[in-house]
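Visitor: Quick one: the structure is below, and I'll ask about it shortly.
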Ligand code: NAP
Ligand code: ZN
Ligand code: ZN
């Protein structure tokens, strides 16, 4: 089925109209008419080939939410008219130890991500959510709680799960001091989740103007990371720090804020390697870790947690045609706090 989309044809050309083909739903597939798609910084990294792994043309977008329009004959989880959502994962082998333990993102056969992955159906690559519709196996399609505003819920599919998962794994909760580095798409959800989980939540930001918003979202304290005296006050005091920064920055200044045996988790992916001084980890014994989105069951758990706590993202709605402008603002850390594309704009 020919489908309207927006794609980047090369690292140096803007994301622009493009037609892709979607398969007709197979027995276990769900077809979703996309209402909203969030704009993740990874979309920008990919469109501009900043990680050197993009297959062009690329149709970005992995914060996909819409209405089910058709279902395959064997689908049981969805009916036509339901809300459905697709995040970063659209398929995996389902049999390896990672898949069996709900960690499909680490599938040993290679998970299929929403865009730029080999597509076993078309023989080409997968195309993401900057498009009219998507067809996805029901096992990789998520349910959206009815009380959540659909536009504000869309970014939960990546920004939400990517911060929820490490906060859960490393035990954010009552009695814990948790730092979130960067108040962008991921960071603002990190602040909301850490607060909702009961942790003492501290935001590190390079943008003093974001302080009031961070407090409204649940930060107990806001630290301007460019102020060495303000940073020094928190030396060796954190149980957990989640670093969401997309650009080159000094990891050591945050590592030294961890207590004994505490962990800093990288979720942001700066384009270049970031040097770590051994002493930042040695004294006192500290951990540096990384985390990638979350598995399908945990993504559903996160959405249900958001339904229960009435948590959604702070967004600015844009038209598909404004995508390059949105990318430029993202590069200037000027996002309040996630751009979401109203996909109706694709039609006219
Ligand atoms: P974003 O909305 O652009 O937010 C990034 C934030 O980082 C900015 O708002 C800014 O916050 C801070 N920042 C930017 N430049 C900085 C600098 N030079 N020094 C210190 N702080 C800086 O991006 P996002 O969509 O949240 O994504 C963040 C990163 O996570 C990206 O690299 C993305 O590819 C990656 N990501 C990873 C996963 C995963 O599974 N691991 C999933 C999704 C995204 P302040 O203004 O508050 O300083
Ligand atoms: Zn993302
Ligand atoms: Zn697998």
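Just so you know, all these numbers are worked out from the coordinates, no wet-lab data involved. On a predicted model such as this, the values are computed, not experimentally measured, just so you know. Cβ atoms come from the backbone with ideal geometry, glycine included; neighbour counts cover every protein chain shown.
Visitor: Please work out the ratio of the alpha-carbon Rg of the chain to 2.2 N^0.38 Å and round it to two decimals.
Guide: Cα-based Rg divided by the globular estimate yields 0.97.
Visitor: While we're on this one: Give me the log10 of I(q) over I(0) for region 134-208 at q = 0.15, 0.20, 0.22 Å⁻¹, as the Debye formula computes it from C-alpha points; what are the numbers?
Guide: Results for region 134-208 at q = 0.15, 0.20, 0.22 Å⁻¹ read -0.58, -0.90, -1.01.
Visitor: Over the chain, with a Gaussian network built from C-alpha contacts below 10 Å, which listed residue (193, 113, 36) shows the highest mean-square fluctuation?
Guide: Looking only at 193, 113, 36, the largest GNM fluctuation is found for 113.
Visitor: Still on this structure: For a paramagnetic label modelled at 7 Å from the Cα of residue 4 toward its Cβ, which residues of region 24-44 fall within the zone defined by backbone nitrogen distances under 18 Å?
Guide: 32-38
Visitor: Select from 243, 149, 227 the residue whose mean-square fluctuation is largest in a Gaussian network model of the chain (Cα-Cα springs shorter than 10 Å).
Guide: Maximum fluctuation in the GNM of the chain, among the listed residues, is at 227.
Visitor: Report the far tail of the P(r) of region 221-285, meaning the percent of Cα-Cα pairs longer than 18 Å. Numbers along the way, then the final one.
Guide: Working: 726 of 2080 pairs.
Tail of the P(r) past 18 Å holds 35 percent of the pairs.
Visitor: Thinking of region 187-256 as a set of Cα atoms, what percent of all their pairs are more than 16 Å apart? Mind dumping the intermediate values first?
Guide: On the way: 1084 of 2415 pairs.
So the portion of pairs separated by more than 16 Å is 45 percent.
Visitor: Provide the percentage of antiparallel DSSP beta bridges, counting only those with both residues in the chain; round to the nearest 5.
Guide: Numbers: 32 of 59 bridges.
Percent antiparallel among DSSP bridges in the chain is about 55.
Visitor: Please work out how much length the chain gains when fully extended from residue 233 to residue 308, using 0.36 nm per residue of separation minus the C-alpha to C-alpha distance, in nm with one decimal.
Guide: That pair, residue 233 and residue 308, stretches by 23.5 nm at full extension.
Visitor: Ok, one more. Using only the Cα atoms of region 1-147, construct the convex hull and provide its projected area averaged over every direction, in square nanometres to one decimal. Don't skip to the answer; put the middle values down first.
Guide: Details: hull surface 35.5 nm².
For the Cα atoms of region 1-147, the hull's average projected area reads 8.9 nm².
Visitor: Note the angle between two axes, namely the Cα long axis of helix 296-309 and the longest principal axis of the Cα atoms of the chain, as a number of degrees from 0 to 90, rounded to the nearest 10.
Guide: Here the helix axis deviates by roughly 70 degrees.
Visitor: Once region 79-236 is represented by equal point scatterers at the alpha-carbon sites, with solvent omitted, what log10 I(q)/I(0) does the Debye formula produce at q = 0.10, 0.12, 0.13, 0.14 Å⁻¹?
Guide: -0.49, -0.67, -0.76, -0.85
Visitor: Could you order the peptides 202-213, 332-343 from most to least packed, using the average number of other C-beta atoms within 10 Å per residue?
Guide: Numbers: 202-213: 18.7, 332-343: 20.2.
In decreasing order of mean packing, 202-213, 332-343 become 332-343, 202-213.
Visitor: What FRET efficiency comes out for residue 76 versus residue 248 if R0 is 51 angstrom and r is the Cβ-Cβ distance? Round to the nearest 0.05. Mind dumping the intermediate values first?
Guide: Details: r = 47 Å, r/R0 = 0.92.
Working from the Cβ atoms, E equals 0.60.
Visitor: Here's something else I'd like to know. Helix-only mean residue ellipticity at 222 nm, the chain, DSSP H runs n ≥ 4 weighted -39,500 (n - 2.57), per residue, nearest 500. What is it? Display every interim value, and only then the final one.
Guide: Details: 11 runs with 82 residues, N = 348.
Theoretical 222 nm ellipticity from helices: -6000 deg cm²/dmol.
Visitor: Quick check: the distance between the Cα centres of region 239-262 and region 67-111, to the nearest angstrom?
Guide: Value for the Cα centre distance between the two parts: 33 Å.
Visitor: If you fit an axis through the alpha-carbon atoms of helix 159-169 and take the longest principal axis of the Cα set of the chain, what angle between them do you get, 0 to 90°, nearest 10?
Guide: Value to nearest ten degrees: 50.
Visitor: Work out Dmax and Rg for region 248-340 from the C-alpha atoms and quote the Rg first, both in angstrom.
Guide: 17.7, 50
Visitor: Could you grab the Rg to Rh ratio for region 170-220? Cα atoms only, Kirkwood for Rh.
Guide: 0.94
Visitor: List the pair-distance distribution P(r) of region 101-152, using every Cα-Cα distance, as the percent of pairs falling in each 5 Å bin from 0 up to the bin containing the longest distance, rounded to whole percents.
Guide: Over region 101-152, the share of Cα pairs per 5 Å bin runs 4, 14, 21, 26, 17, 12, 6, 1 percent.
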